[in-house]
Amino acid sequence: MAHGKVDLVVTLGGDGTILRASSLFATCNNVPPVLSFSMGTLGFLGEWKFAEYKRAFREVYMSGAGVGDRASVLEDPKPTAADEQTESQMGPTGWSSVRGKSMGSSRGARILMRNRLKVGLYTPEGKLVNPGRDPIPPTGKSTDGGVYAMNEVLIHRGKAPHLAIVEIFVGGRLLTEAVGDGIIVSTPTGSTAYSLSSGGSIVHPLVPSVLLTPICPRSLSFRPLVLPSSTPITLRLSPKNRGREVEVSIDGVDMAQGMSVGMEVRVWDEEIRHGKNDWHGGVPCVMRRTMGVGEADDGWVGGLNGLLKFNYPFGEER
């Protein structure tokens with residue numbers, strides 16, 4: 001398996017490239033750090049410019065980033081004089097002698113943990129449908145199985161001319177019977193993707209939440225919801241649905257098996273556990289440090305202004 005051999009994932013492209021890399025670990029509890037270089041047209045996940053590749057690789061290598069041994073900030077906040085002397089004497093071929101040692105509190109690699117969703121498609125009898133990939137190994141809980149989604153899970157009517165009718169359960173209780181083109185259940189990372197185009201909220205990636213967004217609902221009173229990340233969501237195709245089945249997509253990839261009447265898509269949040277230097281779950285993304293700002297998530301703010309032109313005045317150029 002790739003997750004047992006890979007220490008670092010490097011992507012060159014846009015958000016789709018990162019999602020593709022994440023899908024390689026869709027059945028893994030642990031994902032290696034992702035170093036993403038933005039070479040696409042639009043995207044929030046590409047953190048680094050390719051011209052900065054030397055700095056990016058150097059920071060990651062020097063910080064000691066690796067699977068099962070990572071922290072929210074991969075650095076030693078109190079570098080010793082010996083570390084600083086070693087760094088000053090280091091040449092182009094001297095990295096092996098300082099692997100994992102600190103580069104100082106202002107230059108260590110920073111990691112942003114992006115949570116994922118666990119998604120499972122079930123028959124009316126409660127049997128898990130194989131999504132085309134080996135499911136997540138069960139641990140005895142009734143909600144185990146399925147695969148992970150970094151952005152969103154989508155139920156949509158596909159080529160059918162009729163609106164989809166989906167029963168939505170939140171926390172095991174019926175919320176509503178939705179009629180529309182489809183339903184999106186998204187992570188905060190995916191809030192700036194399809195969910196945003198469908199009228200959903202923009203949610204910071206550090207907010208522990210899950211988004212429920214309707215696509216072109218028949219009822220104008222059905223508004224997008226932001227729910228606690230611990231809330232399980234079940235989407236069941238209603239017997240009133242006129243079409244034979246609807247399609248299910250995970251991070252933009254259609255499942256081989258459609259969703260027919262009585263079948264359910266169960267979505268629950270991935271559990272992220274961490275100790276002092278050990279993380280389980282989530283997608284660790286290597287963040288680019290902005291000069292003068294010490295937070296690991298400052299690129300998100302720049303994305304709002306630079307990519308979405310957030311609150312950009314009409315008729316004004318700058």
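Derivation of every value follows stated rules applied to the coordinates shown; laboratory data play no part. What you are looking at is a predicted structure, and each value in this text was computed from that prediction instead of being measured. No Cβ is skipped: glycine too gets one built from the backbone with ideal geometry, and neighbour counts run over all protein chains shown.
Of note:
- Under 9 Å, Cβ to Cβ, from ARG236 - net charge with Lys/Arg +1 and Asp/Glu -1: -2
- Nitroxide proxy distance, nm - points 7 Å out along Cα→Cβ at ARG244 and ASN305: 5.3 nm
- Full-stretch length increase - GLU271, LEU220 - with 0.36 nm per residue and alpha-carbon distance subtracted: 15.0 nm
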